[in-house]
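Engineer: Here it is: the structure, laid out below.
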């Protein structure tokens, strides 16, 4: 029985979780705050109060983390946010950055 447990432990230790990426939203002087709140609610599944607080964090700083996801999801969410911003002619910068 001990050999089976040892093999299971070795198999578990070899399994790597996917690298995680932060989706960063950067502050700019042109994108309306309401638009950013809507993006946070619609794309990043934030509750309204959390979205407003995060938008204020972006507004008062240079950027903030909208969420942490596996690479494909982070890149998709970032691309969708940028696409929606460009549709409205806003220069919002959103990018997926690998966690160290």
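The values are calculated or read from the model by the stated rules, or taken from the named source; none is laboratory data. For clarity, every value in this text was computed on a predicted model and none was experimentally measured. Here the Cβ is made from the backbone with ideal geometry for all residues, glycine too, and neighbour counts use every protein chain on show.
Engineer: In segment 43-72, which residues are touching a strand residue (DSSP E or B) at 6+ places or on another chain (Cβ under 9 Å) and crowded, with 16+ Cβ neighbours inside 10 Å?
Structural biologist: Across segment 43-72, the qualifying residues are 43, 44, 46, 54, 55, 58, 63, 64, 66, 67, 69.
Engineer: So in segment 55-92, with the set limited to residues that are assigned to a loop (DSSP other than H, G, I, E, B) and touching a residue at least 24 places away in the same chain (Cβ under 8 Å), which one is farthest from residue 27 (Cα to Cα)?
Structural biologist: Among them, the one singled out is 88.
Engineer: Output the residues belonging to segment 74-100 that are under 23 Å from residue 17 (Cβ atoms) and either at pLDDT below 95 or buried (at least 16 other Cβ atoms within 10 Å of the Cβ) (or both).
Structural biologist: 74, 77, 78, 95, 96, 99, 100 - these are the residues of segment 74-100 that are under 23 Å from residue 17 (Cβ atoms) and either at pLDDT below 95 or buried (at least 16 other Cβ atoms within 10 Å of the Cβ) (or both).
Engineer: Taking only segment 20-45 into account, find how many residues are closer than 12 Å to residue 77 by Cα and either touching a residue at least 60 places away in the same chain (Cβ under 8 Å) or part of a strand (DSSP E or B) (or both).
Structural biologist: Residues flagged as closer than 12 Å to residue 77 by Cα and either touching a residue at least 60 places away in the same chain (Cβ under 8 Å) or part of a strand (DSSP E or B) (or both) within segment 20-45 amount to 5.
Engineer: When residue 48 is evaluated against the numbered criteria (1) without any contact (Cβ under 8 Å) to a residue 24 or more places away in the chain; (2) out of contact with any helix residue (DSSP H, G or I) (no Cβ under 8 Å at 6 or more places or on another chain), which criterion, by number, is the only one it fails?
Structural biologist: That leaves (2) as the condition not met.
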